[in-house]
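Trainee: Got a structure here, written out as structure tokens. Questions coming.
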Amino acid sequence: MLDLLITNGKVYLDGVLSEVSVGIKDGKIAVIADRDVQPEAEKMLDLGGKCLIPGAIDTHMHVRDPGHVERGNFYTETLAAAAGGVTTIMEHPISVPPQYNAEILDNRIRRAEEQCVVDFCFYGAMGGEFPEEIVKLAEDGRIVAFKTFLHAAPNGRYDEFKGLTTADDGQLFTVMTELAKTDLFCAFHAEDNDLCNFLTKKCKEEDRVTGRAHAESRPVITEVQSIERVLRFAKETGAKVEIAHVSTPQGMELIKEAKRNGVKVYAETCPHYLFLNEDDLEKYGPFAKCNPPLRPQELVDRLWDYVNDGTVDYIGSDHSPFLLEEKTRGLSDIFAAVSGFPGVDLRLPLMLGAVKAGKLTLQKAIELVCENPAKKFRIFPQKGTIRVGADADLVVFDPEGTMVVDKAKNYSHARDIAVPYDGREISCRLDLVILRGRILMENGVVDENARAYGKLVCPVK
Ligand SMILES: [Zn+2]
């Protein structure tokens, strides 16, 4: 007998919505049946014609735990994930210390197991300080990818960036050569550090310190220059790379061209480069400050072309919790604020809302937030799809529904800084989120007893 039978919904199967029933047994999808066939089940769930899609996977999440739990921890930030239909997070390695070896990874996994509400994957830290750890950590088998930054640790944050930075060409060549020996790819934060530092100094000297100055200090060329460099090294060494949070169509064009030439590269972008723009940065100041910065609407419009033409492989939130005072100190000087803001809860609703607005198809949206994250990080078909044998990670949404973003209701510990989308109406509503057969969220309310329900997901060989 099935544990749960979900009926009367439009189920996303192989790119189309089908009127079938989905049966769940022991946390997995056990049967997909015609609607007139009714297998026996302990519980029934009637969707009343709403849509059933795979649970979303967030490829870009920062939790901070351990090291900076005052900003957020594995429990609070995965409550926020569950609220947003995210059933698996991929945690980036900025922590104290970053996980550049198996022992540090052990500790982070233990902390995640004690707290996570949703399933989780880990990136490993890759850097020029410990190149000998790269192959070992890949062979350990528990990380889905690597991450590195193309600059030395920011002032005063060495403990958070130890083993995570690739400071010069020599280091870059060394780590890429090591990476090429593994079957994993590395995500690059691609902004030209020298140029950003130079232009930031210039803005400060000229007393330009409002939100827009942050964008002026990191113009398009800073991203383009850095992406070009990473692609060049990827081509020469054969290493597989991801360009994280691409913010410009110019950067996307380089990646598109590289893909055509056989470079193994994935492109990620984030909702804020598609739904916010440079005017929001001027308006909300530090609360809309992120790296790379928000771009003018003209570039935002063109970025959508690359979402639709297949250049963008997946969309990650770059969810970044911080304390309120770490943001407000930038109200009089944008350069004094930290970069990044929360968003794991809104990625799926925003994309589904964009489907309704005709910006992309439902198939494309599911590909970018569910299927491709699972496929590229090799946790498919356990995750990211509705099929027999997959984990029963499911989201019910009402395409006729709407939601108004209210930061007071945000489950993230960093809800106070979740300003840029606050009050925005989104033309979609998530009704139910299920992870391995268990209901985690119903009508916006997350099951707060689900602490430690989340499990580590490792890539298949
Ligand atoms: Zn990030």
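Trainee: Which count do you get for residues in segment 425-450 that are more than 21 Å from the chain's Cα centre (by Cα), in a loop (DSSP other than H, G, I, E, B) and not small (Gly, Ala, Ser)?
Mentor: Step one: list which residues in segment 425-450 are more than 21 Å from the chain's Cα centre (by Cα), which gives 425, 427, 431, 437-439, 442-443, 445, 447-450.
Restricting the remaining residues to those that are in a loop (DSSP other than H, G, I, E, B) gives 427, 437, 443, 447.
Next, only the ones that are not small (Gly, Ala, Ser) stay: 443, 447.
Here the count works out to 2.
Trainee: Out of Gly343, Gly285, Gly316, report the one residue that is crowded, with 20+ Cβ neighbours inside 10 Å, over 24 Å from Leu172 (Cβ atoms) and within 16 Å of the ligand (Cβ to nearest atom).
Mentor: Gly343
Trainee: Among the residues of segment 350-406, write down those that are of a type in the set (Asp, Glu) and either assigned to a strand (DSSP E or B) or more than 17 Å from Val16 (Cβ to Cβ) (or both).
Mentor: Asp391, Asp393, Asp398, Glu400, Asp406
Trainee: Continuing with this model, one more query. Keeping to segment 228-261, report how many residues are away from the ligand (no atom under 16 Å from the Cβ), free of Cβ contacts under 8 Å to residues at least 60 places away in the same chain and crowded, with 20+ Cβ neighbours inside 10 Å.
Mentor: Residues in segment 228-261 being away from the ligand (no atom under 16 Å from the Cβ), free of Cβ contacts under 8 Å to residues at least 60 places away in the same chain and crowded, with 20+ Cβ neighbours inside 10 Å: 7 in total.
Trainee: Need pairs with beta-carbon distance below 6 Å; first residue in contact (Cβ under 8 Å) with a residue 12 or more places away in the chain and open to solvent by 10 Å² or more (accessible area, probe 1.4 Å) and within segment 86-105, second of a type in the set (D, E, K, R) and more than 16 Å from the ligand (Cβ to nearest atom); sequence gap 6+ or separate chains.
Mentor: Hits for this filter: Val96/Asp159; Pro97/Lys162; Tyr100/Glu133; Asn101/Glu133; Ala102/Asp140.
Trainee: Given Asp301, Asp305, which one is free of Cβ contacts under 8 Å to residues at least 12 places away in the same chain, in a helix (DSSP H, G or I) and open to solvent by 30 Å² or more (accessible area, probe 1.4 Å)?
Mentor: The match here is Asp301.
Trainee: Please work out if Ala267 is touching a Lys or Arg at 6+ places or on another chain (Cβ under 7 Å) and either surrounded by 22 or more Cβ atoms within 10 Å (Cβ to Cβ) or on the phi > 0 side of the Ramachandran plot (or both).
Mentor: no
Trainee: Something else now. Kindly state which helices (runs of 4 or more DSSP H) lie completely within segment 44-140 and contain at least 3 residues that are at pLDDT below 95, more than 20 Å from Arg347 (Cα to Cα) and away from the ligand (no atom under 16 Å from the Cβ).
Mentor: Values: elements: 74-83, 102-115, 132-140.
Hits in segment 44-140: 102-115.
The values are calculated or read from the model by the stated rules, or taken from the named source; none is laboratory data. Computed from a predicted model, the values in this text were never measured in an experiment. Cβ coordinates were reconstructed from backbone atoms using ideal geometry, including for glycine residues, and neighbour counts include every protein chain displayed. Only protein heavy atoms, including side chains, enter the accessible area calculation; ligands, DNA and RNA are left aside. Shrake-Rupley method; radii C 1.70, N 1.55, O 1.52, S 1.80 Å.
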